[in-house]
Amino acid sequence: MLRFYNTLSRRKEDFHPVGKVVTMYSCGPTVYNYAHIGNLRTYVFMDLVRRTLKYDGYKVKGVMNITDVGHLLSDGDEGEDKMEVAAKKLKKSPYEIAAFYTDVFFKDIAALNIGKPEIIAKATDHIDDMIKYVQALYEKGYAYETSDGIYFDISKFKDYGKLSRLNLDDQIAGARVEVNDEKRHPADFALWKKAPKEHIMQWPSPWGMGYPGWHIECSAMSRKYLGSIIDIHSGGVDHIPVHHENEIAQSEALEGHKTVNTWLHGEFMLVDGGKMSKSLGNTYTIAQLEEMGYTPLAFRYFCLNTHYRKKLNFTFEGLKAAETAYNRLLNQLYEHKLSAGVTDKEVIDKYRAEFGAAVDDDVNIPLALGILWTMLKEPASKDIYALALEFDKVLGLSLDKAKPAEKEKIEVPDEIRQIAEQRLSARKDKNWAESDRLRDKLAEMGYAIIDSKYGYTIEKK
Ligand code: AMP
Ligand code: ZN
């Protein structure tokens with residue numbers, strides 16, 4: 001039985017989809033910059049959930065948004081629109097910025113074997129849906145107008161805070177210095193912002209020219225493609241207190257009932273034990289890791305080693321260890337791939353059952369990986385190889401690319417190479433004493449020379 005830890009109830013629950021097809025909405029990127037490895041961890045998590053559902057035989061209809069307008073510098077209502085800031089800085093239009101980073105994002109997720117959700121919804125393509133949504137909330141009395149926008153009135157929604165379980169008074173006490181004294185409550189949030197002239201992205205609305213708030217984008221697009229109640233909504237843990245709390249408020253206010261059955265949140269990635277941030281210069285991209293010689297799938301393997309609800313501390317030692325382990329996995333699998341051996345059906349069934357139980361237990365991929373490693377210790381067999389490929393439907397580690405182990409490549413310093421060449425000419429001159437002396441000299445320096453018919457190879461001792 002598939003079970004997920006639901007953030008809303010704070011416990012693991014049996015999964016019962018509403019209909020025949022599982023509906024899943026995943027908060028997507030704000031495309032004003034490159035996705036960093038922390039962001040990508042969240043999409044690897046989304047992918048593992050989708051793959052687990054499919055492995056269990058469910059059909060999945062997934063929607064992911066591309067936020068290309070309305071996400072302000074803070075997740076609340078302060079600061080400029082991130083897209084506009086990037087556009088000004090790079091002297092491009094926000095649309096060009098969005099197109100560029102969306103493209104890079106899709107390349108990044110493809111490199112990490114993250115499957116694209118069935119529907120990708122760009123916020124700027126759905127402005128009308130958002131306006132209609134805001135209008136409906138306004139007509140129902142959940143929204144009010146100020147001089148700079150339309151705000152959701154959280155006092156009208158009695159369950160506000162149920163996801164984060166934050167006491168509203170605590171939230172107010174912790175709130176930032178209020179910049180907007182027209183708001184009735186500090187936690188009221190913008191559904192629609194009236195655009196100042198200089199805001200490049202703006203659309204006509206019943207309240208004049210403006211642009212949508214970030215939270216309404218997800219609610220409107222989820223409703224449009226998946227209906228008024230969905231099975232799963234996913235995102236990073238940072239979304240719990242503001243973004244998802246606000247999504248719940250506006251969508252339940254509109255529908256009059258619960259709109260998401262299971263809330264799944266991926267924990268954060270840290271770097272060297274601390275926060276990942278641009279100002280600290282520790283936000284790596286996949287391209288940067290590749291430039292340093294790491295493969296994207298080694299990074300995926302690194303993510304898979306830690307359960308999605310645990311913080312994952314990124315270090316280069318950790319990534320290196322993941323790369324080594326991943327390569328070893330491919331090497332061990334190769335033995336099975338080449339083998340004509342077979343394995344008892346009971347043994348195969350036992351591993352299959354263990355793996356299935358692990359992934360069904362709130363997507364416990366670290367445990368599932370452990371089962372794979374144990375299985376590979378079995379005598380070489382084509383059945384083991386076939387089952388590993390079956391497991392790979394969840395793991396997404398391209399296990400069909402199993403390969404033989406490579407001899408460790410070594411960098412031979414010039415000095416060593418020169419001595420080896422001197423020794424080769426001594427041998428050609430049949431000067432065995434000199435040849436042996438040079439061999440000993442190389443050995444003292446930590447290198448072994450192996451003679452062959454055509455010359456020699458050098459190995460590190
Ligand atoms: P953004 O593009 O800023 O909206 O973020 C995209 C996704 O990355 C969101 O689901 C965030 O929750 C997630 N995210 C941001 N920072 C991290 C991090 N350090 N570790 C894991 N996920 C993150
Ligand atoms: Zn969202």
Along the three principal axes, how long is the stretch 179-268 when you take its alpha carbons, biggest first, rounded to the nearest angstrom? 40, 27, 25
Putting +1 on Lys and Arg Cβ atoms and -1 on Asp and Glu Cβ atoms, find which of 342, 425, 209 reaches farthest to the positive end of the dipole of the chain. 425
Given 10 °C, 1.306 mPa s and a Kirkwood radius over Cα pairs, the Stokes-Einstein diffusion coefficient of the stretch 110-220 in µm²/s is 101 µm²/s
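Which translational diffusion coefficient, to the nearest whole µm²/s, is obtained for the stretch 50-168 from the Stokes-Einstein equation, given a Kirkwood hydrodynamic radius over C-alpha pairs, 25 °C and 0.890 mPa s?
139 µm²/s
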Filter the chain for me: DSSP H helices, axial length by Cα at least 24 angstrom, mean Kyte-Doolittle hydropathy not below -0.5. List them by residue number. 37-55, 94-111
Scoring only Lys, Arg, Asp and Glu (+1, +1, -1, -1) among other residues with Cβ under 15 Å from the Cβ of residue 63 yields 0
Dividing the alpha-carbon Rg of the chain by 2.2 N^0.38 Å yields what? 1.24
Principal axes of the stretch 385-436: Cα extent on each, largest first, Å: 61, 20, 13
Using amide H atoms built in the peptide plane, which far-off residues or other-chain residues are under 5 Å from residue 189 H to H? 152, 154
Hits among lysines - C-alpha to C-alpha of residue 377 under 20 Å, sequence gap 8 or more where chains match: 337, 345, 350, 401, 403
Would you calculate the convex hull of the Cα atoms in the stretch 258-376 and tell me its volume per residue in Å³? 152 Å³
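Where a number appears in this text, it was derived from the coordinates with a stated rule and is not lab data. The structure presented is a predicted model; accordingly, all values stated were derived computationally and were not measured. Every residue, glycine among them, receives a Cβ derived from its backbone with ideal geometry; neighbour counts consider all protein chains shown.
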